[in-house]
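Scroll down for the structure; my scribbles are underneath it.
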Amino acid sequence: MPIGIMSAIPEENRRLVEALEGPEDVVIDGMREYHSGTLFGEPVVLVFSRCGKVAAATTATALISRFDVRSIVFTGVAGSLSSDVRVGDIVVADRLVQHDMDASPLFDAFEIPLLHRSYFDGDRGLTRALIAGGEAFVGDLASHVTPDDLAQFAIGTPRVSRGLVLSGDQFVTDRAYARSLCERLPGALCVEMEGAAVAQVCFEYGRPCGVVRVISDAADETAAFDFTAFVDRVATHFSYGILEHALPIIGGALRAR
Ligand code: ADE
C-alpha cells in the first residue's frame, strides 16, 4: 500500500512529482491529479488538493478509498502563533484542531458535532519520522535553499518543533484575531487551512496521519506580503528536503507495524 502525500500548494507538489520514479499514468478525479510511483524508495500517491478544509478532506478521502493509501502525510506552510516559532521554522503536528468549528451551544466550541472530539492526534511514528526528517533537512539546508533566499527571509538555523496546529478556512492576517485564537486554544504553534481536516478523515478511516509545516509568516497584517516568493523559493525546497529524509523512515516504521 502506498503512502499518500498531499500539498495545498502546486509548487510543492510539482517538485515531488518531478522526483517520482516509475511514474504511472496520472489519474484525474474530482479535478485533482493523482500521481503514483516511487519517491525516495517508497511507493506513494502525490496530490495537490488546493486550499481549505473541504478540498483537503475530499482529497484525503479519495486517497484512502480510491488509492488505498496506508497513511497520509501533509506538507505545507503555516502562519506562526507563537513567539517560539519563526519564519523558516518547521512545525510537526502532534495534535490538530479545527479552530473555526463552533456549533455551540449545541456542542462545545471546536467539538466536531456527533464525533465527540475536538482534537485529532498526529500519528506518533509519522510525527517522529517527520521531526527526524526536519532535523536532517535543517542540517543540510544550504544545499537546498540559496544564501540570498535565506537572507531575504532572515532564516538562520531553523528550529523543528512539535505541537498543536490549528486549521480553519481563513488565511489569518489579523494579529488580534491570531492572539484570540491562542487564548482560546492554548499551546497553539501555528495556523493553516487543511491539517485538522485531513486528520479527521484519517481518524474516521483509521489511517495514520502526519502533518508538517514550514512557517511562512506571522499570521498578522504582513502575512501576505512575501507569501508567494516564500512558497516559490523556500517552502518548496523544505517539503522536498524534509520528505527526502523522512519518507524512508516512515516506510520502515509502517512496514514494522
Ligand atoms: N498558511 C500560511 N500562512 C497562513 C496564515 N497566516 N493563515 C492561514 N493559513 C496559512
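Think of each Lys and Arg Cβ as +1 and each Asp and Glu Cβ as -1; about the Cα centre, that makes the dipole of the range 187-245 roughly 280 debye.
Taken one residue at a time, the phi angles of the range 100-110 give Karplus couplings (6.51, -1.76, 1.60, θ = phi - 60°) of 9, 7, 8, 9, 5, x, 5, 9, 4, 4, 6 Hz. Gly and Pro are set to x. Taking θ as phi - 60° and the Karplus parameters 6.51, -1.76 and 1.60, the scalar couplings of the range 219-226 work out to 6, 9, 4, 8, 4, 8, 3, 10 Hz in sequence order, x denoting glycine and proline. Phi angles of the range 183-194 translate, via the Karplus equation with coefficients 6.51, -1.76, 1.60 and θ = phi - 60°, into HN-Hα couplings of 5, 7, 10, x, x, 5, 9, 7, 10, 8, 10, 9 Hz per residue; Gly and Pro are given as x.
Considering only Phe120, Phe40, Phe137, the Gaussian network model of the chain with Cα springs below 10 Å gives its largest mean-square fluctuation to Phe40. Give the long-range amide H neighbours of Ala103: residues separated by 5 or more places, or on another chain, with amide H under 5 Å away, using H modelled in the peptide plane at 1.01 Å from N. For Ala103, the qualifying residues are Phe110, Glu111.
Proximity of backbone amide H atoms, modeled 1.01 Å from N, is registered between Val73 and Gly4, Ile5, Met6, Gly210 at under 5 Å, excluding neighbours fewer than 5 places apart on the same chain. Its DSSP H runs of at least 4 residues, each contributing -39,500 (n - 2.57), put the calculated 222 nm mean residue ellipticity of the chain at -10500 deg cm²/dmol, to the nearest 500. The separation of the range 127-160 from the range 25-82, counted between C-alpha centres, amounts to 23 Å.
Taken over the chain, the convex hull of the Cα atoms encloses 113 Å³ per residue. Projected over all directions and averaged, the alpha-carbon convex hull of the range 165-257 occupies 7.3 nm². Here's how it looks for Asp217: its modeled amide H is under 5 Å from those of Ala78, Ser80, which are all 5 or more places away or on a different chain. Stretching the chain fully between Met31 and Asp121 yields a gain of 29.5 nm (0.36 nm per residue, less the alpha carbon separation).
FYI, it's all coordinate maths here, none of it is from the lab. On a predicted model such as this, the values are computed, not experimentally measured, just so you know. Glycine gets a Cβ as well: all are built from the backbone with ideal geometry, and neighbour counts include every protein chain shown.
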